[in-house]
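The values are calculated or read from the model by the stated rules, or taken from the named source; none is laboratory data. Bear in mind the structure is a predicted one, so any value in this text is a computation, not a measurement. Quick reminder, even Gly has a Cβ in these numbers, built from the backbone with ideal geometry, and neighbours come from all protein chains shown.
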């Protein structure tokens, strides 16, 4: 399982990914709706929208991915029903809570340093392994994932990975 966390390269990268996540916090809601609508309609793979349950519903996306600071998984589930709900987490405790709250998957990291989030403190592969082995739902690694590190993510127990630069 792989996620592209950016819309710009989304459709060109769809052949490598199993889920596309539209993450465009700089866009207005109307701009996001336009991008999401086009992506959801044209993508050959599942599309989730970052943070916006309303936009996901409006464009008939498969679901959302929620950062830790976002609304709770339970509240999102009330809005989205059976659609996919992922939660981006930075600790084992947050991952366990996301699973208990009903998330379908978690994105854990940053595992390594990442240019897209330079202030993030890398958790490391051991922390990824702890999270992956503690949860029953899929855990995706994020943060500094490169072609060379994909096997290490899988060896640690991750179901897959999420990346931006890897797909550009």
Any chance you could count how many residues in region 117-149 are free of Cβ contacts under 8 Å to residues at least 40 places away in the same chain and either in a loop (DSSP other than H, G, I, E, B) or touching a helix residue (DSSP H, G or I) at 6+ places or on another chain (Cβ under 8 Å) (or both)? 20
Within region 33-69, take every residue that is out of contact with any strand residue (DSSP E or B) (no Cβ under 8 Å at 6 or more places or on another chain) and part of a loop (DSSP other than H, G, I, E, B) and give me the one that is modelled with the lowest pLDDT. 44
Do we have residue 56 as under 15 Å from the mean Cα position of the chain (by Cα), surrounded by 18 or more Cβ atoms within 10 Å (Cβ to Cβ), more than 25 Å from residue 150 (Cβ to Cβ) and touching a residue at least 24 places away in the same chain (Cβ under 8 Å) here? yes
Hey, can you tell me all the residues within region 92-107 that are over 12 Å from residue 65 (Cβ atoms), under 15 Å from the mean Cα position of the chain (by Cα) and not in a helix (DSSP H, G or I)? none
Given the criterion modelled with pLDDT of 95 or more, buried (at least 19 other Cβ atoms within 10 Å of the Cβ) and over 20 Å from residue 23 (Cα atoms), identify the matching residue among 135, 96, 92. 135
